[in-house]
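Here, each number is a calculation from the coordinates, and none is a lab measurement. From a predicted model like this one, the values you see are computed outputs, not experimental measurements. Every residue, glycine as well, gets a Cβ built from its backbone with ideal geometry; the counts of neighbours run over all protein chains shown.
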Amino acid sequence: MTIKSSVEKEKNEVELIVEIESEELNTAVNKAYIKNRNRIAVPGFRKGKAPRKMIERLYGAEIFHSDALDDLIPDALRFVMKETELDVVGYPKVSDVDIKENNASAEITFIVALRPEVLLGEYKGLTAPKPTIEIPDSEIDAEIASIRARNARIEKTDRPAGDGDIAVIDFEGFVDGVAFEGGKGENYELELGSGQFIPGFEDKVVGMTTGEERDLDLVFPENYKEDLAGKAVVFKVKLNEVKEKILPELDDDFAMDVSEFDTLEEYKTDIRDNLLKTRQRDADETFESILMEQITDSMEADIPEAMIDEQFEHSMNTLSRQISAYGMQPAQYMRMMGVTPEEFKERMRGNCETQVKTALALEKIAQLEGIEVTEEEIAEEYDEASKRLNTELEKLKESVTDKDVIRDLKLRKAAKLVVENAVVGEYKADEPKEKSAKKPAAKKPVAKKPAAEKAKASAKKAAPKETKPEEEA
């Protein structure tokens, strides 16, 4: 193998042409022949006995080229990496393959992306807003109320259905007198006032008595799915049963039932402390995010598309694994979020570009500041990750290399350096960025069952976001 040419392209890309000599090419072609000869029928020969030249005359010389290239391309790529010592990022692409007549030689053209040179502006002494965190008593009361509701007893009642009750209903929806798909349910447990159904549905069930039937005249919201948006609908509803929630008394016994604390006051203090920690963590993350946005806005780097493509593929794989745990596919998730595949991809790519820029900026800061990582820090990181992921240490090391851990730790240290040298205050960008308006998600005519609601909530947590560098490794 030889590198025939190397041409620099735009955005830190290089076009490399690798020439494969005849002997090496024929070795790969012969290997492909041996692999496939038992599957090729040639008149006058038993399968597997026809000579290679006979098969090539009958089916064309290129019959074995595809399998031969499967071996040659990875070898050629490794050769390029060794000979050039290029700092390649992303996935190299094969843009052309030219196999000469009679397998005299072959030329494989690669497009490889190189790590861009990064020029930073100021990264110390930056200013960003950071709110003072306070937890009012009303939030503690709301949290307690939610916990009481989750621990309420459910009892059947003969009175008319009221707000907060669970109405067990049969229903079916009709548009222009025709039932529509997904608009029917039997013995469905609907919590009145929860907003699970389209506007007006639950309000019209309030006051119904057990055994009563009603026709509910409603209109689908304008942001509903296209075939039903804005259309008049009639839901035929029968109330089978009314269940009411009996809340537990708010006293020390309640605290002991739902927590490890002996008194209600101790329990409330713990709730306040946890809310404070959560809010403080969110505030710290937002503060850091604003600082990193300032750094990447002033940064100069010609980022190749291959880096963003690689991050996009990684993010999509991560998202798919997360939502598949809840029995969902990406297409279902997009419908739930109320976005088209095109909108979703555009949003994801925007986040991926931000992640790539942030990582490049932090890598440059780590380099400029001479940030290093000790063996003890590496071992501690492996140990913490093993416990967090509930994975054996040796198995973890099979999938995560020391190089990954060192990079991760350096990025974290660089981010910490930026934060520690920042000033809390008001930050105003010279030219505020336009924020893309999010399309409102379509409201469902029928709520999901509780298990599906959990899946939906968990899937939202898996929504694409600007991942911090330490989360990537």
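Note on the range 153-246: lysine pairs with Cα distance below 16 Å, sequence gap of 8 or more or different chains, count 6. For the pair Leu119 and Asp383, a Förster radius of 30 Å applied to the C-beta separation gives a FRET efficiency near 0.20, rounded to the nearest 0.05.
Under 16 Å from a point placed 7 Å out from the Cα of Arg78 along the Cα-to-Cβ direction: which residues of the range 20-53 have their backbone N that close? What the label zone holds, given the 16 Å backbone N cut-off, is 24-25, 28. Our compactness index for the range 153-246, the C-alpha radius of gyration over the empirical 2.2 N^0.38 Å, is 1.08. Computed extension length for Glu8-Glu376: 128.3 nm, one decimal, from 0.36 nm per residue of separation with the Cα-Cα distance subtracted.
Modelled spin labels at Asp137 and Ile406, positioned 7 Å past Cα toward Cβ, are 5.7 nm from each other.
When shorter helices are ignored and each DSSP H run of at least 4 residues is given -39500 (n - 2.57), the per-residue value for the chain at 222 nm works out to -15000 deg cm²/dmol.
Full extension of the chain segment joining Glu189 with Ser22 gains 52.8 nm, where the gain is 0.36 nm per residue of separation less the Cα-Cα distance. Across the range 174-212, the residues whose backbone nitrogen lies under 13 Å from the label position 7 Å along the beta-carbon direction of Lys231 are 174-183.
Subtracting the Cα-Cα distance of Arg279 and Lys416 from 0.36 nm times their residue separation leaves 47.4 nm of extension gain. Cβ-to-Cβ counts within 10 Å put Val29, Val405 in ascending order as Val405, Val29, the fewest first. As a calculated quantity, the FRET efficiency between Val206 and Asn317 at R0 = 51 Å, using C-beta atoms, amounts to about 0.65.
The simple Förster model, with R0 at 25 Å and r as the Cβ-Cβ distance, assigns Arg46 and Asp67 a FRET efficiency of 0.70. Exposure proxy ranking for Val258, Val14, Val423, based on other Cβ atoms within 10 angstrom of each Cβ and starting from the fewest, stands as Val423, Val258, Val14.
For the range 1-150, the equivalent ellipsoid built from the Cα gyration tensor has semi-axes of 58, 29, 10 Å, listed from largest to smallest.
The label-point distance for Asp217 and Asn151, in a model that sets each label 7 Å from Cα toward Cβ, rounds to 4.7 nm. Looking at the chain, the DSSP beta bridges with both ends there are about 95 percent antiparallel.
For the range 183-242 versus the range 301-346, the inter-centroid distance based on Cα atoms is 34 Å. Assign one of three labels to the chain, namely rounded, prolate or oblate, based on the Cα gyration tensor with a ≥ b ≥ c the square roots of its eigenvalues; rounded applies when a/c is under 1.5, prolate when it is not and a/b is larger than b/c, and oblate otherwise. It is oblate, given that a/c is not under 1.5 and a/b is not larger than b/c.
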